[in-house]
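One structure is given below, encoded as structure tokens.
Since every read-out is calculated from the coordinates, none of them should be taken as a lab result. These numbers come from a predicted model, not from an experiment. Here Cβ is always computed from backbone atoms with ideal geometry, including for glycine, and neighbour counts include all displayed protein chains.
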Amino acid sequence: MTRAPTRLGPRVLSPAGCALVLLLLAVPASASAHAVLVTSVPSWNAVDRVTPRQVTLTYDEDVVAHYAQVTVVVGTSAVDVAGPPRVSGNVVVVTLPSGARAPGAGSYTVRWRMVASDDGHVTQGAFSFGVRAKPLPPAPAKGVSVPVAPQLLAWLQFLGVVLAGGTLTFRALVLSPAARKLGEHGDREASVAIWVAVVGAAVALHAGLFGFLIGAYPIVGGGLLNVVNTEIIPIRVGTHLGQAWTLTTFAWLGVLALLVGAWVTPRRREALLAVAGVLSLGIGFGISWASHPDARGTFALAADYVHLVAAALWVGGVIALAILAGVARPLSRAEREPLVRECLLRFSRLAVPSVIVLAVAGGYLALRELPTLSAVLNSSYGVTLLLKSIVFLAAFALAAYHRGLVMPRIAAGAPVATIRRTLTLEVTLLLLALVLAAILSQTAPPT
Amino acid sequence: MILPQIQIARAHWILGALFLAIILDEYLPVIGGDGRPTRSRSVVVPWALIIGAVGVWATVVFADVVHDMLIHFLWGDILFAAGALELARRRGVYERPWLDGVLPVAFLSCGILFLVHVEVDPSGQGAHWHLAMGLLLIAGGVLDLVRVVRRRSPVVPLALVPLMGFALALIAIPVAAAS
């Protein structure tokens, strides 16, 4: 006879306790930097009735007067501050022009760079306030950008939504019902599906972090190495980029926790994977919120989100089909053929509305973003959009070929391998379209 | 724009309490039915690690300076991966001999990141305490890794001493600094 294990020490945590700890942990943050901006007058996000005579910045420790830099920008025009910043210990003051030379109403961006007296560390940051106007997020510094990285990181975030949201939704709507119909459990494919989604969520989580930092860099400017000492809070709180990143970070962590739960709990696996898929598709809203369509109004924002979700369902579904074909390859033909055939036929029915929604929403967004037809050829945004449309049409033609010619043959009993090569081509075209979409998301639309 | 000291202290002592719970659950001996110490299969430790990872990622989001974000996201990743692997092992869905080394390697890596944290900001707030805590974590990780490699199962592992020192420091120092 065996007894249950007994513990000599205390059991400290219960699930409720864990949840409480999580809630408490979600609130605060750490700080151990130098020359951190504690307060400013006018304060960050304040709206003043008259143009202030000066801007006063107070740091948590003394700064070196010789290296103190403060620039003030209204809209896109730099304000001529009267002389260098006046530094007294930890207080820095810049005087703004007054009288007839006083800048008028508008959103003011204050960009600062300080060197701490004690250790020589450089810190920098930016914030906005308004004069008789709503303060806008801090404006990017002129001539400061990082090549390629924003596009690559945007593509990785799209890929995360596709790999986690698209493939898991495929599993919930296509693979699981097909497996149930054929009396299979689908356990063989589950671990692959979980790993694909984990890779997608983890990549998107980190691409989101670095995308935010790369997006914040042009706002504060300065040397790339100094960016590690950038005070980031105003950019996180004051811009849609930062707000969307905050929300999507916690949502991706939730997706990862659900995927871990699905991995270790086979009994609830399908339900947890379905929730993770829906949550991943929901994260796409954060990506839309931080991009151009948000400035065009609520309807354009909704269209962009719907466009992204439809793309994730189509691309994710095609990738999931390709993975299924690979995972099922070791099986005997008698086991493999019915499952892949059933999934192909079910996905074909789901893909049609997705592609229609994708095309309609994409067409609407193109009309909103392009002021004239000539802008298609006269702007980098228009040319990229044209290339994306060509790739989309090629993928669409291939999908139409699959639905019109290949599917009837497979439904009639032709081997599912008939579709393998063209399906791989469709995946390639759709991934290329995602690359172009990422470039488009980081290119300013023509005005 | 800087967060109040009390909030920072609260975040750190709660994380310290969570860590204390993890190491007590992991290293205090469980006596099996045969009267011998046996390895805990409680899922409290892995879920606490995952919750800790989410908490550390929360610090990434709410950090005020970029280098704090970069160090904390690496801590968060290590804790999340360790929690997921431990959870899978304890639930019996993924069992490999090398999984015994997950926690010691996680402690060791987190300790090394403490030293990197100090290197990036050498005269930052509490840098010497960060250094001491990093060394405690490294000592705990190395001692536990040696135990795993030599396949020893003492009733109370030696690694518990530096790891408890780390947890108590994480609780006591921020509270003392804030009060």
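Look at where the Cα atoms of region A:342-389 and of region B:144-179 average out, and the two centres are 57 Å apart.
Given all pairs of different Cα atoms, what value in angstroms does the Kirkwood hydrodynamic radius of region A:338-404 take? The Cα-based Kirkwood calculation yields 13.7 Å. Over all pairs of different C-alpha atoms in region A:291-447, the reciprocal of the mean inverse distance, the Kirkwood hydrodynamic radius, equals 16.9 Å. Relative intensity of the protein assembly as shown on a log10 scale, I(q)/I(0) at q = 0.07, 0.08, 0.11 Å⁻¹, equals -0.54, -0.69, -1.14, per a Debye sum over C-alpha point scatterers of equal strength in the absence of solvent.
Taking other C-beta atoms within 10 angstrom as a stand-in for reagent exposure, A:Tyr59, A:Tyr381 fall in the order A:Tyr381, A:Tyr59, fewest first. For chain A, build the charge dipole from Cβ charges (+1 Lys, Arg; -1 Asp, Glu) around the Cα centre, then report which of A:Ala437, A:Gly413, A:Ala322 sits farthest towards its positive end. So the residue we want is A:Gly413.
Using a cutoff of 8 angstrom between alpha carbon atoms and counting only pairs six or more residues apart, the relative contact order for chain B works out to 28 percent. Residue order for A:Phe250, B:Phe73, A:Phe212, fewest other beta carbons within 10 angstrom first, comes to A:Phe250, B:Phe73, A:Phe212. A simple charge model with +1 on the Cβ of Lys and Arg, -1 on the Cβ of Asp and Glu and nothing else charged puts the dipole of the protein assembly as shown at about 1920 debye relative to its Cα centre.
Measure out, as a whole number of angstrom, how far apart the alpha-carbon centroids of region A:83-131 and region A:61-81 sit. Each part's Cα centre sits 4 Å from the other's. Between B:Ile171, B:Leu24, B:Ala127, whose Cα lies farthest towards the positive end of the dipole of chain B when Lys and Arg beta carbons carry +1 and Asp and Glu beta carbons carry -1, centred on the Cα centre? Positive-most Cα among the choices belongs to B:Leu24.
Angle between the Cα long axis of helix A:380-401 and the longest principal axis of chain A, 0 to 90 degrees, nearest 10? It is inclined by approximately 10 degrees.
For chain A, the longest principal axis of the Cα atoms and the long axis of helix A:298-327 meet at an angle of about 40 degrees. Gain on full extension, evaluated as 0.36 nm per residue between A:Ser332 and A:Thr447 minus their Cα-Cα distance, stands at 35.5 nm. Under the membrane-span-like helix rule (DSSP H runs whose alpha carbons stretch at least 18 Å along the helix axis, mean Kyte-Doolittle hydropathy 1.6 or higher), chain B yields B:44-62, B:102-120, B:160-178. Dipole check for region B:88-179: with +1 at the C-beta of Lys and Arg, -1 at the C-beta of Asp and Glu, and the Cα centre as origin, the magnitude is about 580 Debye. Could you point to the residue in A:Ile356, A:His402, A:Ser291 farthest towards the positive end of region A:291-433's charge dipole, with +1 and -1 charges on the Cβ of Lys/Arg and Asp/Glu respectively? It is A:His402, whose Cα lies furthest towards the positive end.
Short-range pairs are left out: with C-alpha atoms under 8 Å and at least six residues apart, the relative contact order of region B:84-179 is 24 percent.
Counting other Cβ atoms within 10 Å as a rough exposure proxy, the listed residues A:Thr239, A:Thr447 run A:Thr447, A:Thr239 from fewest neighbours to most.
Taking Cα atoms only, the orientation of helix A:269-289 departs from the longest principal axis of chain A by about 40 degrees. Placing +1 on the Cβ of every Lys and Arg and -1 on the Cβ of every Asp and Glu, with nothing else charged, gives region A:253-399 a dipole about its Cα centre of roughly 400 debye.
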